[in-house]
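The numbers here are math on the coordinates, done by the rules we state, and not lab data. Quantities reported herein were computed from a predicted structural model and do not represent experimental measurements. Ideal geometry is used to build each Cβ from the backbone, glycine not excepted, and the neighbour counts take in all protein chains shown.
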Amino acid sequence: MRVRERLLSSERVVVLTGAGVSAESGVPTFRGEGGLWRDFRPEDLATPQAFKRDPVLVWEWYDWRRERVASARPNPAHYAIAEIEKRLSGGTARAAKTGEKRARHGGPPGKSFTLITQNVDGLHSLAGSVNILEIHGSIWRVRCLGCGRETVNRDVPIKMLPHCACGGVLRPAVVWFGEALPQAVIEAAFGASSGADFMLVAGTSGVVEPAASLALRAKERGAFVAEINTGRTPLSGMADATLHGKAGEILPGLL
Ligand code: BJW
Ligand code: ZN
């Protein structure tokens with residue numbers, strides 16, 4: 001069965017996305033040609049130790065990225081993913097979360113859709129996706145190292161060095177190397193992956209854990225796994241279908 005038919009006839013669909021999905025919006029990826037890790041070392045910028053050593057340097061890097069993301073718009077890949085959610089939930093994407101529209105308008109019964117994203121840019125929400133698990137946090141949220149409070153902050157540029165009302169230093173509310181992912185979010189992601197009958201893995205290098213294991217879990221539990229990527233990844237070998245090319249070109253074709 002072709003990927004498109006599989007997708008639309010599946011009952012519990014999970015989409016796992018990575019930086020490649022935002023590449024066509026002008027948001028730089030991490031690895032590969034033009035990737036952020038070509039010019040910057042992750043250990044200097046994306047670890048708690050780096051922030052402790054030089055919080056201004058780390059914030060300057062995030063400020064630069066926030067500025068780029070602020071002017072980025074969702075691309076056809078983001079919109080196609082939002083449309084998949086909408087179709088599976090029988091109406092608006094919001095119905096996927098509330099089940100309301102499905103109940104009222106008789107959309108496909110018993111279908112579920114979960115978007116698991118490693119991206120911190122918020123472009124999936126802007127495109128209309130609703131049931132989203134942001135497993136690596138959000139570039140638009142900050143967390144206080146003093147009181148632990150997490151808030152939305154959309155200032156571009158952000159005031160250097162940002163502080164909380166309690167006097168504590170604020171950090172980006174993203175997940176750095178060596179840090180645990182938000183427990184409830186990663187548990188929900190493993191739950192959805194374990195129960196999926198179809199998983200679409202798009203635009204991720206599949207090298208960062210535990211994100212990559214979500215695809216392996218879905219496969220282990222019997223899901224059909226399809227991958228969309230411009231290149232091969234460590235997940236390509238186990239995928240049931242690999243669609244080679246740009247997410248913004250392939251995804252709309254699945255609808
Ligand atoms: C296109 C395209 C187009 C391009 N269309 N495709 C097991 C084994 C080995 C190591 C570990 C392990 N378990 C844990 C680790 C350590 C580490 C890890 O995974 N290291 C590996 C890299 C070796 N993991 C962690 O540290 C994680 N934490 C953890 O496990 O904690 C344990 C713990 C438990 C309890 C207490 C304490 C600790 C945390 C990982 C956090 C990752 N953080 C980052 C930064 C987020 C914030 C920010 O954005 O600044 O997340 S790193 C970066 O990588 C970012 C991304 O979300 C993530 C994944 O990258 P992604 O999305 O795959 O992007 P790219 O650029 O790598 O790939 C893009 C792909 O798209 C490519 O394949 C292209 O071909 C493709 N593409 N254009 C389609 N148009
Ligand atoms: Zn505080």
How about the stretch 114-152: which of its residues are part of a loop (DSSP other than H, G, I, E, B) and within 15 Å of ligand 1 (Cβ to nearest atom)? 118, 119, 120, 121, 122, 135, 136
For the stretch 187-209, what are the residues that are surrounded by fewer than 20 Cβ atoms within 10 Å (Cβ to Cβ) and farther than 26 Å from residue 26 by Cα? 187, 188, 190, 191, 194, 195, 197
Counting residues that are among the polar types (S, T, N, Q), which strands (runs of 3 or more DSSP E) fully inside the stretch 193-255 reach at least 2? none
From the set of residues in the stretch 12-40 that are more than 18 Å from residue 207 (Cα to Cα) and surrounded by 15 or more Cβ atoms within 10 Å (Cβ to Cβ), which is farthest from ligand 1 (Cβ to nearest atom)? 12
Suppose we filter the stretch 155-175 for residues that are in a loop (DSSP other than H, G, I, E, B), touching a strand residue (DSSP E or B) at 6+ places or on another chain (Cβ under 9 Å) and in contact (Cβ under 8 Å) with a residue 60 or more places away in the chain; how many remain? 3
Within the stretch 176-192, which residues are in a helix (DSSP H, G or I) and within 10 Å of ligand 1 (Cβ to nearest atom)? 183, 186
Tell me which residues, restricted to the stretch 214-242, are in contact with a helix residue (DSSP H, G or I) (Cβ under 7 Å, 6 or more places away or on another chain), within 20 Å of residue 25 (Cα to Cα) and surrounded by fewer than 19 Cβ atoms within 10 Å (Cβ to Cβ). 230
Which of the residues belonging to the stretch 33-63 are under 20 Å from the mean Cα position of the chain (by Cα) and of a type in the set (Gly, Ala, Ser)? 34, 35, 46
The residue from 196, 211, 173 that alone is touching a helix residue (DSSP H, G or I) at 6+ places or on another chain (Cβ under 9 Å) and closer than 29 Å to residue 32 by Cα is 211
Take the residues in the stretch 135-174 that are within 18 Å of residue 68 (Cβ to Cβ) and among the charged types (D, E, K, R), then tell me which one is farthest from the chain's Cα centre (by Cα). 155
